[in-house]
Amino acid sequence: MENKKSIAVDAKIYQKLVALKKEGESIEDVVGHLVDQATTADRNWGWRGSCKLVVLGPENAGKSMILKSFFENKDPRQLLSDFLLPTKTIEECVYQWLDVKVNVVEIGGVELDRVLNEGAKQAFSKANAIIYVFEMKAWEKDKEKIIADLAKISKLAVNLAPDASIECFIHKVDVLEKAKREAFADQVQANLVAGLKRAGARGNVEIHATSLVPGHELEVFRVLRNLLFKHSSILRQALLPGFLRV
């Protein structure tokens, strides 16, 4: 496993961090100071929380690019222009996001069926969130397989990760206008609800229409940030009024 240290903060968070500013400091200074405190011995912070994410889905859906964009601060434009080899196996990596130790298990498309049918215990055990990623254009051809995958995930999570949220990224939706993206997501949601009910699966699956194309990447950031928010005391201190600051 490789340790990586990074931060992802958007303009809306910048605005709320104003409350932490000292005279003459920029918002970037404040964010930088928070990161320094989380990744050095300053005030002996270190890791205050931990989180496990499982990311899986069919081949070439964009899973690795999503992780590199968010956790490694890679420029999405560069990622989209580079040739990135698809994940063929199960890869585990530990990231630091502010004060959160994030264990990421990425399951390559080649391994997807094997993991869901026989090898899920270790991969899913004690996960805080399970993220299934599929490419928008695959829906019409593969929707029964996608629904079956999510039904299996929902059933496995009951025993292996009962507290995990299940998130579904309909990825590469930038080719659609906003109204059509929302309508497409609603259509997928309706099909999933009906399909999961038929399969006897319990639990909700949250649907997100995502893309890394510039101008469309905020939804990926928003979902991942919100998944990690409750595990980060630093971010809660920055964003929640009245939270005890130490």
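Where a number appears in this text, it was derived from the coordinates with a stated rule and is not lab data. Small disclaimer: the values here were computed from a predicted structure and weren't measured. Cβ coordinates were reconstructed from backbone atoms using ideal geometry, including for glycine residues, and neighbour counts include every protein chain displayed.
Hey, what's the Cα Rg ratio for the range 129-237 versus the globular rule of thumb, 2.2 N^0.38 Å? Don't skip to the end; give the middle numbers.
Details: Rg = 14.7 Å, N = 109, 2.2 N^0.38 = 13.1 Å.
The range 129-237 yields a ratio of 1.12.
Hand me the GluC sites (Glu not before Pro) from the range 90-141 located in a DSSP loop with no more than 16 other Cβ atoms within 10 Å, in residue order please. Before the final figure, lay out the partial values.
Numbers: sites: Glu91, Glu92, Glu106, Glu111, Glu118, Glu135, Glu140; in loops: Glu118.
Those satisfying the criteria are Glu118.
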Original post:
Non-local amide H neighbours of Val133 (under 5 Å, H modeled in plane, Pro and chain starts lacking H): which ones?
Top reply: Leu56, Gly57, Phe169
Subject >> Cross-link pairs Lys52/Lys143; Lys145/Lys178; Lys143/Lys180; Lys52/Lys152 - those with Cα-Cα distance over 22 Å >> reply: Lys52/Lys143; Lys145/Lys178
**OP:** Over 31 Å between C-alpha atoms is what I'm after, so list which of Lys74/Lys137; Lys68/Lys230; Lys101/Lys197 land there.
**Re:** Lys101/Lys197
Subject >> Signed unit charges on C-beta, dipole axis of the range 49-229, positive-most listed residue Ile147, Pro58, Gly203 >> reply: Gly203
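Around Leu227, what is the net charge, scoring Lys/Arg as +1 and Asp/Glu as -1 over all other residues with Cβ under 11 Å from its Cβ? Don't skip to the end; give the middle numbers.
Values: positive: Lys52, Arg222, Arg225, Lys230; negative: Glu167, Glu206.
It works out to a net charge of +2.
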Original post:
All other residues with a Cβ under 14 Å from the Cβ of Gly195 taken together, and with Lys, Arg as +1 and Asp, Glu as -1, what is their net charge?
Top reply: +4
